[in-house]
Amino acid sequence: MMAPAMAFFAFFGLVPLVGTFVLSFCDWNGLGSPSFSGLDNWTSVLQQGSMYHALWLTILMCIATFVVQFPLSLLLGVFMAGRQRYRAVLAVLYFLPLLFSATAIGIAFKNLLDPNFGLSSALHLGILQQDWLGSPTLAFWVVIAVVSWCFIPFHSLLYQAGARQIPQSLYEAAQLDGAGRVRCFFSITLPQLKYTIVTSTTLMIVGTLTAFDLIYVMTNGGPGDATRILPVDMYLQGFKSNDMGVASVIAVILIVLGLSFSLALNRWSGSDRMESQMEGM
């Protein structure tokens with residue numbers, strides 16, 4: 001029964017992974033035949049200051065997007081878990097960003113933030129009359145805001161599903177003991193959503209490590225290298241500079257980062273032990 005799924009995973013997961021690792025030791029421009037170059041690609045990448053800059057931007061973006069996405073998606077998910085009809089209507093509005101492609105969102109925000117004919121020109125507000133995507137400092141934080149806006153609905157959906165699985169008897173018992181909504185949230189909701197938080201956080205980190213299309217459409221990694229995180233750098237090295245070997249090295253670094261963060265998070269949270277959250281009930 002597992003054979004088709006394992007074959008599918010091996011063909012589309014393991015084979016490209018092994019191929020990328022092998023290609024990181026080769027010199028290839030994407031057209032001819034790859035030639036073995038040993039550790040030249042790795043030495044070249046590890047000696048480039050631009051790679052460490054891209055690595056720092058990637059880690060900073062992981063942290064910043066988590067700080068933005070986690071509290072907002074958690075609060076929205078718990079709010080939408082309520083059975084009131086108006087919450088269901090609001091949930092539809094909150095989930096709208098999930099219906100749009102990243103390319104369409106990138107083009108829309110790029111035009112909205114344009115200093116010449118975007119929102120600043122339409123609304124005539126001084127605070128909006130800035131070069132949002134042309135300033136190295138502003139562009140990075142604008143990208144973080146747009147990426148968070150795109151993926152908060154998805155994580156809110158996870159928290160909504162998790163919150164609806166919490167037995168109402170826990171809240172009823174807490175209310176009988178005099179606990180208010182805030183106390184119930186921190187003493188019941190958060191502990192019961194422990195594994196949902198771990199899953200959501202893992203997906204946030206992996207999603208940021210693979211973020212490309214939205215950033216590329218909005219800034220192309222610029223201005224300068226202000227938003228050139230590792231996935232964008234990998235694309236530019238492979239398809240703009242025609243150096244697939246260097247791009248494969250960056251891909252392997254991304255894989256190692258993603259696996260390290262995910263395994264460390266699961267080990268730290270204890271979710272690998274798979275104990276029940278309903279123990280003692």
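Taking the condition hydrophobic (A, V, I, L, M, F, W, C), closer than 27 Å to residue 191 by Cα and out of contact with any Asp or Glu (no Cβ under 6 Å at 6 or more places or on another chain), does residue 21 pass?
Working: hydrophobic (A, V, I, L, M, F, W, C): yes; closer than 27 Å to residue 191 by Cα: no; out of contact with any Asp or Glu (no Cβ under 6 Å at 6 or more places or on another chain): yes.
So residue 21 fails the test.
If a residue has to be in contact with a helix residue (DSSP H, G or I) (Cβ under 9 Å, 6 or more places away or on another chain), under 17 Å from residue 218 (Cα atoms) and assigned to a loop (DSSP other than H, G, I, E, B) to count, how many in the range 112-132 make the cut?
8
Could you check how many residues of the range 64-117 are over 30 Å from residue 129 (Cβ atoms), more than 19 Å from the chain's Cα centre (by Cα) and buried (at least 17 other Cβ atoms within 10 Å of the Cβ)?
5
Tell me which helices (runs of 4 or more DSSP H) are completely within the range 135-237 and hold 3 or more residues being of a type outside the set (D, E, K, R), or say none if there are none.
Counting at least 3 such residues, we get 136-164, 168-176, 194-209, 213-219, 230-235.
Give the residues of the range 31-49 that are loosely packed, with under 12 Cβ neighbours inside 10 Å and modelled with pLDDT under 90, sorted by residue number.
31, 32, 33, 38, 49, listed by residue number.
Considering only residues that are under 11 Å from residue 45 (Cβ atoms) and either at pLDDT 95 or above or of a type in the set (D, E, K, R) (or both), look in the range 224-247 and name the one that is surrounded by the most Cβ atoms within 10 Å (Cβ to Cβ). Step through it out loud before you land on a result.
Narrowing the range 224-247 to residues under 11 Å from residue 45 (Cβ atoms): 230, 233-234, 237, 243, 245-247.
Those still in the list that are either at pLDDT 95 or above or of a type in the set (D, E, K, R) (or both) too: 233, 243.
Working: 233: 25, 243: 20.
Restricting to residues being under 11 Å from residue 45 (Cβ atoms) and either at pLDDT 95 or above or of a type in the set (D, E, K, R) (or both), the top hit is 233.
Any residue at all in the range 199-217 that's more than 20 Å from the chain's Cα centre (by Cα) and either surrounded by 20 or more Cβ atoms within 10 Å (Cβ to Cβ) or modelled with pLDDT of 90 or more (or both)?
Looking for residues that are more than 20 Å from the chain's Cα centre (by Cα) and either surrounded by 20 or more Cβ atoms within 10 Å (Cβ to Cβ) or modelled with pLDDT of 90 or more (or both), one finds none in the range 199-217, hence no.
Among helices (runs of 4 or more DSSP H) lying entirely in the range 1-60, which contain 3 or more residues that are touching a helix residue (DSSP H, G or I) at 6+ places or on another chain (Cβ under 9 Å) and closer than 12 Å to residue 246 by Cα?
Hits in the range 1-60: 15-23, 40-46.
Condition first: in contact with a Pro (Cβ under 8 Å, 6 or more places away or on another chain) and at pLDDT below 85. Now tell me which residues in the range 73-106 satisfy that.
Passing the criteria: 94, 95, 96, 97, 98.
The values are calculated or read from the model by the stated rules, or taken from the named source; none is laboratory data. In this text, all values refer to a predicted model and were calculated from it rather than measured experimentally. No Cβ is skipped: glycine too gets one built from the backbone with ideal geometry, and neighbour counts run over all protein chains shown.
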